[in-house]
Amino acid sequence: MKRLNFARFFDEFALAGRGLLLATKKKSFWLVFIPTFLIFGTLINLLSSGFTSFQLIGGCLESGDFAGAFKIIGGAFLANFGVGRNFLDFALNFVLTLFQSILISLVVFVAKHNRKERKERKEQKAEKSSGLESSALVAGLAVLGSGCPTCGTTLLAPVLGALLSGTTGAVKLAGTLSVVLNILAILLAILVFRKLGLETYAIIKSEHFKEKHHEKIS
């Protein structure tokens with residue numbers, strides 16, 4: 001039974017991967033994926049030092065130094081491609097951003113298909129909200145765990161610093177929790193991807209079948 005379950009899981013995951021490959025051939029997929037990847041990735045990089053980057057941006061805007069604000073945002077944007085980032089931090093944030101962008105793109109793809117097919121509203125809402133909630137949970141874990149795992153800087157550091165008397169202990173604990181949350185985010189993203197990928201595969205194959213059937217009739 002265990003072997004069968006594992007085999008089924010990998011078979012479904014393989015089909016989900018094929019669903020993603022088929023989706024990448026659709027223009028609508030990239031119209032969602034590209035802006036999501038750039039925006040979410042930039043946000044994660046800005047949060048790599050807690051709220052310090054946002055405070056600096058706010059200070060620049062208040063003083064009228066728009067060039068300085070754009071420089072900070074531009075640096076976070078370039079960090080999506082590893083510019084000025086430690087390789088470990090870049091790799092982890094890149095994987096999280098990639099997964100999140102894929103999930104959101106697939107959620108939008110499935111939701112559009114559901115509207116197009118005009119399914120029953122209750123089923124449509126359930127499927128749509130389920131995908132969005134799962135994707136939002138992955139994003140939430142990624143944001144909480146965002147930061148610099150190698151130096152222990154995360155959004156959790158100031159919270160833990162207020163709860164713990166020792167700053168050093170808070171930073172170490174924050175770094176550990178950051179890694180744990182990021183791992184959970186990746187594992188959850190894989191499970192959500194399996195579900196959305198299978199739905200995408202079924203949808204695209206169904207559309208191909210309908211097109212061929214229509215051509216034969218014509």
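The values are calculated or read from the model by the stated rules, or taken from the named source; none is laboratory data. Everything numeric here is computed off the predicted structure, so don't read it as measured data. Cβ coordinates were reconstructed from backbone atoms using ideal geometry, including for glycine residues, and neighbour counts include every protein chain displayed. Areas reflect the complete protein model, heavy atoms only, side chains present, ligands, DNA and RNA absent. Shrake-Rupley method; radii C 1.70, N 1.55, O 1.52, S 1.80 Å.
Observations on the model:
- For the condition closer than 24 Å to ALA189 by Cα, modelled with pLDDT of 85 or more and open to solvent by 30 Å² or more (accessible area, probe 1.4 Å), LEU15 qualifies.
- Contacts under 6 angstrom Cβ, first residue in region 82-104 being assigned to a helix (DSSP H, G or I), partner among the β-branched types (Val, Ile, Thr) and modelled with pLDDT of 85 or more, 6 or more apart: SER101/THR36; ILE104/THR36
- Residue-level analysis places ILE57 among those that are β-branched (Val, Ile, Thr) and over 24 Å from PHE33 (Cα atoms).
- Residue selected from region 63-88 under the condition open to solvent by 70 Å² or more (accessible area, probe 1.4 Å) and among the aliphatic types (A, V, I, L, M), by the criterion nearest to LEU47 (Cα to Cα): LEU78
- Restricting attention to region 47-69, the residues being under 21 Å from ASN93 (Cβ atoms), in a helix (DSSP H, G or I) and not β-branched (Val, Ile, Thr) number 7.
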